1. Determine, yes or no, whether Leu92 is touching a residue at least 12 places away in the same chain (Cβ under 8 Å), surrounded by 19 or more Cβ atoms within 10 Å (Cβ to Cβ) and farther than 16 Å from Leu160 by Cβ.
2. Looking only at region 154-181, how many residues end up being in contact with a Lys or Arg (Cβ under 9 Å, 6 or more places away or on another chain), within 27 Å of Asn61 (Cβ to Cβ) and not aliphatic (A, V, I, L, M)?
3. Return the residues of region 138-155 that are closer than 23 Å to Glu200 by Cβ and either in contact (Cβ under 8 Å) with a residue 60 or more places away in the chain or not hydroxyl-bearing (Ser, Thr, Tyr) (or both); say none if nothing qualifies.
4. Return a yes/no flag: does region 174-197 have any residue that is aromatic (Phe, Trp, Tyr) and assigned to a loop (DSSP other than H, G, I, E, B).
5. Only residues that are buried (at least 21 other Cβ atoms within 10 Å of the Cβ) and not small (Gly, Ala, Ser): list them for region 71-82, please.
6. Go through region 80-109 and count every residue that is part of a strand (DSSP E or B) and acidic (Asp, Glu).
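What follows is calculated from the coordinates using simple rules that are stated; it is not laboratory data. The structure presented is a predicted model; accordingly, all values stated were derived computationally and were not measured. Cβ: placed from backbone, ideal geometry, glycine included. Neighbour counts: every protein chain shown.
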Amino acid sequence: MKPLLVVFFVYFFLILYSYLFPANRKYRKVISKPATYIEGNALGQRLKQKAALSRQFALQNGLSSHYVFLIDMRLPSGKKRFFVYDFTKDSLIITGLVAHGSCNTSYMAEPAFSNALNSGCSSLGRFKIGGAYQGRFGKAFKLYGLDSSNANCYERAIVLHAYKHVPDVEVYPRPICNSLGCPMISYHFLETLSQLLKKERKPVLLWIYT
């Protein structure tokens, strides 16, 4: 086969492949746009209220005045319930899925909460996001509890980390997997958050609430 013909077929195949399997383009679209179901409804109003309280708390406690990470545990795990709110824009900019703890059971569809050591449950409250390190599942961020409801999180090794079975797209009404109490997200979403965190000079606030 002539070289020019080979080049033509390779080029044609690459174009065809990009249209048949647009996974990367779909990923960028999913990550960059907030979930539409929270806009202009009660959940959106609730999110803005939490963001306003978070901004006040951050300013009073020397935390980032740019971003806050909010996790609404009222929402099912198959829906995006991890929200990145930009104080400077007064708007939601990124959303993602996040798993809750199993409380050391085989599986829990609905979250339960505990601050007890070795409970395997998620903890409610405000957390300061610390530095990154390499953990069991790769990059992770240390968390420091700022409320009585999560004061033991550091001793419990509750961290922000990723796991391969957490998807990037919503799967509701199906739930997603459980963690052992950590706010556990996808690797793509963690990388997106990492890009934000490394630009911040002050620690970012993470608030898990119901």
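1. Criteria met by Leu92.
2. 3
3. Within region 138-155, the subset closer than 23 Å to Glu200 by Cβ is 138-147, 150, 153-154.
Across region 138-155, the qualifying residues are Gly138, Lys139, Ala140, Phe141, Lys142, Leu143, Gly145, Leu146, Asp147, Asn150, Cys153.
4. The answer is no; no qualifying residue exists.
5. Correct list: Ile71, Lys80, Arg81, Phe82.
6. First pass over region 80-109, keeping only residues part of a strand (DSSP E or B): 82-86, 91-96, 99, 101.
Now drop any that are not acidic (Asp, Glu), which leaves 86.
The number of residues fulfilling the criteria is 1.
Residues are listed down the side, and each one gets a yes or a no for (1) within 21 Å of Val159 (Cα to Cα); (2) in a helix (DSSP H, G or I); (3) in contact with an Asp or Glu (Cβ under 9 Å, 6 or more places away or on another chain):
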| site | (1), (2), (3) |
| --- | --- |
| Leu47 | no, yes, yes |
| Ser54 | yes, yes, no |
| Leu59 | no, yes, no |
| Pro111 | yes, no, no |
| Ala116 | yes, no, no |
| Ser119 | yes, no, no |
